[in-house]
Amino acid sequence: MDGSKAGFASIDEYIADFPPEIRDKLSQIREVIREAAPEATEKISYQMPTFDLHGNLVHFAAFKNHIGFYPAPRGIEAFKEELAAYKGAKGSVQFPLDRPLPLDLIGRIARFRAEENKERAAANSKKKS
């Protein structure tokens, strides 16, 4: 698992850089986020797969022993009890590669972040008018 290739052009390219079992997990996360936030766009930011909806929504990335998921501090705080079983920090959580991914939880966090970003964008739009 290299994952160190500089300058990924797309999420497809990022995912293709990993062995099949990691590609499968990354693809599952990508699909869950797409379903949770269908209006979000995909990009590479900080050399990680990123979904954008009125700003960064979530990032995710594969590492040697885990998949990192980065829903911003508010996304972690809102689900802190459910995320307590995982290592993490203020704006990130680590899902171990040797355990099933909590896809339902990832989807709920992505939906939460999408609503949060839409509300913030609407509030900013009202301020400008």
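The values are calculated or read from the model by the stated rules, or taken from the named source; none is laboratory data. Note that the structure is predicted; figures quoted are calculated from it, not measured. Here the Cβ is made from the backbone with ideal geometry for all residues, glycine too, and neighbour counts use every protein chain on show.
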With (1) small (Gly, Ala, Ser); (2) buried (at least 18 other Cβ atoms within 10 Å of the Cβ); (3) more than 17 Å from Leu103 (Cβ to Cβ) as the list, and Gly55 as the residue in question, which single condition is left unmet? (2)
Within the group Leu105, Leu101, Leu83, which residue is on the phi < 0 side of the Ramachandran plot and touching an Asp or Glu at 6+ places or on another chain (Cβ under 6 Å)? Leu105
Residue by residue through region 61-110, note down the ones that are assigned to a loop (DSSP other than H, G, I, E, B), closer than 20 Å to Glu35 by Cβ and free of Cβ contacts under 8 Å to residues at least 24 places away in the same chain. Pro100, Pro102
Return the pairs, sorted by first residue and then second, in which the second residue is surrounded by 10 or more Cβ atoms within 10 Å (Cβ to Cβ) and part of a helix (DSSP H, G or I), the first residue lies in region 111-129 and is aromatic (Phe, Trp, Tyr), the beta carbons are less than 8 Å apart, and the residues are 6+ apart or on different chains. Phe112/Gly75; Phe112/Ala78
Given (1) among the hydroxyl-bearing types (Ser, Thr, Tyr); (2) loosely packed, with under 14 Cβ neighbours inside 10 Å; (3) closer than 27 Å to Glu21 by Cβ, where does Ser125 come up short, assuming only one miss? (3)
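May I ask you to say which residue of Ser45, Ser92 is under 12 Å from the mean Cα position of the chain (by Cα), loosely packed, with under 15 Cβ neighbours inside 10 Å and of a type outside the set (Phe, Trp, Tyr)? Break it down stepwise before answering.
Numbers: Ser92 fails: loosely packed, with under 15 Cβ neighbours inside 10 Å.
Ser45 is the lone residue from the list that is under 12 Å from the mean Cα position of the chain (by Cα), loosely packed, with under 15 Cβ neighbours inside 10 Å and of a type outside the set (Phe, Trp, Tyr).
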Kindly provide the set of residues from region 76-115 that are within 17 Å of Asp52 (Cβ to Cβ) and modelled with pLDDT under 95, ordered by number. Gly91
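Tally time: how many residues in region 7-60 are in a helix (DSSP H, G or I) and out of contact with any Asp or Glu (no Cβ under 7 Å at 6 or more places or on another chain)?
First, the residues of region 7-60 that are in a helix (DSSP H, G or I): 11-16, 20-36.
Checking which are out of contact with any Asp or Glu (no Cβ under 7 Å at 6 or more places or on another chain) leaves us with 12-16, 20-36.
Qualifying residue count, region 7-60: 22.
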Matching option when the condition is in contact with a Gly (Cβ under 8 Å, 6 or more places away or on another chain) and not hydroxyl-bearing (Ser, Thr, Tyr), among Phe69, Phe51, Phe63: Phe63
